[in-house]
Amino acid sequence: MNGEERFELEDKNVSNYADEINKRRTFAIISHPDAGKTTLTEKFLLYGGAINLAGSVKGKATARHAVSDWMEIEKERGISVTSSVLQFEYDGFCINILDTPGHQDFSEDTYRTLMAADSAVMVIDASKGVEAQTRKLFKVCVMRHIPIFTFINKLDRDANDTFELLDEIEKELGIATCPVNWPIGSGKSFKGVYERAGQCVITYSDTEKGTKEGHATRIPITEEELLTEYIGEAGRTQLFDEIELLDGASAEYDLELIRAGELTPVFFGSALTNFGVEIFLQHFLKMTTPPLPRKADIGLIDPVEHDFSAFVFKIQANMNKAHRDRVAFMRICSGRFDAGAEVKHVQGGKVMRLSQPQQIMADERKILSEAYAGDIIGVFDPGIFSIGDTICMPKEQFEYEGIPTFAPEHFARVRQVDTMKRKQFVKGITQIAQEGAIQIFQEFHTGLEEIIVGVVGVLQFDVLQYRLENEYNVEIKLEHLPYEHIRWIENQDLDLDKLTGTSDMKKIKDLKGNPLLLFVNQWSIGMTVERNEGLILSEFGRN
């Protein structure tokens with residue numbers, strides 16, 4: 001092969017490599033519980049051919065369970081408690097969906113997942129509007145300037161006034177809205193949506209649940225007779241009035257503002273009956289971006305021009321019951337990952353090969369030979385990875401921005417019932433803590449025999465108890481503690497024995513030996529600082 005031929009071959013490889021990255025779309029789905037997020041995820045997978053029959057999230061014991069809910073406790077309760085990663089292809093795009101827990105008690109897992117996403121799809125129940133958890137998750141998106149796409153769901157049921165729904169999104173979340181389509185009625189009178197760009201009505205068809213077959217007719221609004229026949233005279237008059245009001249009052253479509261996270265395009269439909277789901281998916285793929293540069297301590301890392309790099313955003317133990325293994329989920333930020341290639345674990349300072357790289361569809365796995373920027377891969381973790389760790393090529397040395405931890409708000413002392421199972425207990429509780437779902441602390445003057453667990457939401461205690469029993473065969477007793485506030489001590493040379501505190505204060509330490517203080521009352525924090533000259537307290541722990 002001469003030099004010119006070799007150059008052409010290399011150039012072609014680089015082109016293919018860029019093409020692969022540019023076809024990636026990686027997004028998270030967020031919502032309040034029961035808004036229909038998992039159902040929407042299932043329908044995306046259905047259209048992408050990743051599954052043949054969509055599951056039901058809730059129902060009888062014999063019902064199918066949603067693909068993204070893989071933990072036994074999720075199947076029993078019908079809620080998502082951990083993020084799932086799902087990949088499928090659609091219309092030339094390679095789509096990575098990060099399905100997140102909706103319940104606020106698992107918001108820390110959602111926060112970490114949003115760190116790995118390029119955009120977010122916000123699902124809102126048309127009869128409930130903006131709910132508490134929607135606000136909390138939205139703030140996370142704003143912090144990261146993530147583009148937000150809104151899908152107002154459950155139009156097959158009676159819904160709130162559409163203008164009021166949009167007004168609520170704008171006031172509650174502080175983001176302008178731009179409806180891409182518009183609903184005609186709701187519940188039993190739901191007739192379909194008006195497509196603004198195409199100036200036509202797409203008729204509603206109650207597709208058989210769980211399948212993608214179904215026929216929707218498009219009626220141009222200029223064909224008034226046909227339109228009247230379908231939605232009635234009153235319906236047509238109302239639609240025309242609403243279109244006029246909409247064109248005059250709503251924000252104009254601006255792709256730049258959408259991608260900057262300052263304008264949210266709004267879509268309407270029914271995930272349960274599949275109506276509006278594919279319309280949304282097609283528009284979304286045109287509006288969202290391929291992987292963008294990511295911030296590291298050496299500057300922005302370009303996804304196409306830079307060699308392979310990734311960061312760990314999630315660790316999950318015991319995904320495979322047969323092997324009781326740990327999987328570290330990595331978001332590839334740049335370049336191409338080749339299985340078998342040597343990479344550097346920056347925080348550990350080691351050059352290594354990533355073991356058993358795999359693409360994961362909930363609890364199903366497929367071993368990978370390669371992956372690209374934008375993809376999420378799971379690798380076997382022998383216990384060396386932590387959330388936020390950077391992986392890059394051996395000759396490089398940089399770190400991506402860290403993932404801050406939420407301060408726990410609920411605390412409990414944990415004891416195992418059978419003292420003979422001490423080894424399993426310590427192993428189980430430590431592994432679950434490394435996933436980031438719980439934080440473990442110890443009494444200040446004792447070892448691991450006295451364990452205090454801190455969580456963001458109380459439901460995490462139930463998950464901890466369930467998982468220890470089912471995955472580690474350890475039964476525990478929880479003694480809830482009254483503390484609500486935690487502070488890390490920044491002073492490196494402080495003698496904790498000489499610290500003057502308040503009667504509601506407790507001294508503890510984390511697993512790395514860092515000293516911490518627990519308080520029952522907020523005012524006690526300021527009083528403790530006043531009583532100890534030079535004391536510096538922080539809401540965040542040191543890595």
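Checked against (1) in contact with a Leu (Cβ under 6 Å, 6 or more places away or on another chain); (2) open to solvent by 50 Å² or more (accessible area, probe 1.4 Å); (3) modelled with pLDDT under 90, Glu490 passes all but condition (1).
Quick check on Ile384: is it without any contact (Cβ under 8 Å) to a residue 40 or more places away in the chain and more than 28 Å from Lys477 (Cβ to Cβ)? Against the criterion (without any contact (Cβ under 8 Å) to a residue 40 or more places away in the chain and more than 28 Å from Lys477 (Cβ to Cβ)), Ile384 qualifies. May I ask you to verify whether Gly192 is in contact with a strand residue (DSSP E or B) (Cβ under 9 Å, 6 or more places away or on another chain), among the small types (Gly, Ala, Ser), open to solvent by less than 20 Å² (accessible area, probe 1.4 Å) and in contact (Cβ under 8 Å) with a residue 12 or more places away in the chain? The answer is yes for Gly192.
Assess whether Thr203 counts as being at pLDDT below 95, open to solvent by less than 50 Å² (accessible area, probe 1.4 Å), closer than 16 Å to Glu278 by Cα and not acidic (Asp, Glu). The answer is yes for Thr203. Just so you know, in region 375-419 the residues that are buried (at least 18 other Cβ atoms within 10 Å of the Cβ) and of a type in the set (Asp, Glu) include one that is nearest to Asp325 (Cα to Cα), and it is Asp381. The residues of region 256-277 that are open to solvent by less than 40 Å² (accessible area, probe 1.4 Å) and either without any contact (Cβ under 8 Å) to a residue 12 or more places away in the chain or not in a loop (DSSP other than H, G, I, E, B) (or both), listed by number, are Ile258, Leu263, Thr264, Pro265, Val266, Phe267, Phe268, Ser270, Phe275, Val277. Among the residues making up region 28-47, those that are farther than 13 Å from Ala126 by Cα, touching a strand residue (DSSP E or B) at 6+ places or on another chain (Cβ under 6 Å) and not in a helix (DSSP H, G or I) are Ala28, Ile29, Ile30. Of the numbered criteria (1) touching a strand residue (DSSP E or B) at 6+ places or on another chain (Cβ under 7 Å); (2) under 22 Å from Phe461 (Cα atoms), the one Pro515 fails is (2). Where strands (runs of 3 or more DSSP E) fall wholly inside region 308-384, the ranges with 1 or more residues that are modelled with pLDDT under 85 are 309-317, 326-334, 358-361, 364-367. In region 420-430 there is no residue that is surrounded by fewer than 18 Cβ atoms within 10 Å (Cβ to Cβ), modelled with pLDDT of 85 or more and part of a loop (DSSP other than H, G, I, E, B).
When you go through Glu229, Glu252 one by one, which is the residue that is acidic (Asp, Glu) and part of a loop (DSSP other than H, G, I, E, B)? Glu252 is the lone residue from the list that is acidic (Asp, Glu) and part of a loop (DSSP other than H, G, I, E, B). The condition of being of a type outside the set (Asp, Glu), buried (at least 18 other Cβ atoms within 10 Å of the Cβ) and either without any contact (Cβ under 8 Å) to a residue 12 or more places away in the chain or more than 23 Å from Asp381 (Cα to Cα) (or both) holds for only one of Val456, Val520, Val474, that being Val456.
Scanning region 139-150 for residues that are out of contact with any Lys or Arg (no Cβ under 9 Å at 6 or more places or on another chain) and either in a loop (DSSP other than H, G, I, E, B) or open to solvent by less than 10 Å² (accessible area, probe 1.4 Å) (or both) yields Cys141, Arg144, His145, Ile146, Ile148, Phe149, Thr150.
Do we find that Lys498 is in contact with a Phe, Trp or Tyr (Cβ under 9 Å, 6 or more places away or on another chain) and open to solvent by 20 Å² or more (accessible area, probe 1.4 Å) in this structure? It is false that Lys498 is in contact with a Phe, Trp or Tyr (Cβ under 9 Å, 6 or more places away or on another chain) and open to solvent by 20 Å² or more (accessible area, probe 1.4 Å). Checking the stated criteria, Thr222 turns out not to satisfy the condition of being without any contact (Cβ under 8 Å) to a residue 12 or more places away in the chain and either open to solvent by 30 Å² or more (accessible area, probe 1.4 Å) or over 35 Å from the mean Cα position of the chain (by Cα) (or both).
Conditions (1) of a type in the set (D, E, K, R); (2) touching a strand residue (DSSP E or B) at 6+ places or on another chain (Cβ under 9 Å), marked per residue:
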position: Thr228; (1), (2): no, no
position: Thr237; (1), (2): no, no
position: Glu242; (1), (2): yes, yes
position: Leu257; (1), (2): no, yes
position: Ala271; (1), (2): no, yes
position: Met287; (1), (2): no, yes
position: Asp302; (1), (2): yes, yes
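Against the definition (in contact with a helix residue (DSSP H, G or I) (Cβ under 7 Å, 6 or more places away or on another chain) and either under 30 Å from Gly198 (Cα atoms) or of a type outside the set (Asp, Glu) (or both)), how does Phe267 come out, yes or no? Against the criterion (in contact with a helix residue (DSSP H, G or I) (Cβ under 7 Å, 6 or more places away or on another chain) and either under 30 Å from Gly198 (Cα atoms) or of a type outside the set (Asp, Glu) (or both)), Phe267 qualifies. Scanning region 278-315 for residues that are in contact (Cβ under 8 Å) with a residue 60 or more places away in the chain and open to solvent by 60 Å² or more (accessible area, probe 1.4 Å) yields a total of 7.
The values are calculated or read from the model by the stated rules, or taken from the named source; none is laboratory data. These numbers come from a predicted model, not from an experiment. Don't worry about glycine lacking a Cβ; one is built from the backbone with ideal geometry, like all the others, and counts go over all protein chains shown. Ligands, DNA and RNA are excluded from the accessible area calculation, which covers all protein heavy atoms including side chains. Shrake-Rupley method; radii C 1.70, N 1.55, O 1.52, S 1.80 Å.
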